[in-house]
1. Can you confirm whether residue 55 is surrounded by 10 or more Cβ atoms within 10 Å (Cβ to Cβ) and modelled with pLDDT under 75?
2. Going by the structure shown, is residue 34 at pLDDT below 75 and out of contact with any strand residue (DSSP E or B) (no Cβ under 6 Å at 6 or more places or on another chain)?
């Protein structure tokens with residue numbers, strides 16, 4: 001018997017991270033979700049745990065010229 005994994009799919013309207021504000025707005029409208037739950041969802045716990053261990057987040061400004069014409073999220077790893 002052979003098992004195949006279906007290709008990953010995202011829900012319609014959540015194709016990339018640019019749609020997170022809409023997702024969070026919908027969750028805030030749902031009474032089953034608390035603000036604390038949503039903060040956990042977006043990683044606040046991870047940040048707090050790292051800060052408790054003395055690891056501060058690295059904040060870098062991106063020059064607006066670099067963003068001209070870009071509509072996607074990119075990562076550059078050294």
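The values are calculated or read from the model by the stated rules, or taken from the named source; none is laboratory data. Please read all numbers here as calculations on a predicted model, not as lab measurements. Positions of Cβ are generated from backbone atoms using ideal geometry, with glycine treated the same way; all protein chains shown enter the neighbour counts.
1. So residue 55 fails the test.
2. no
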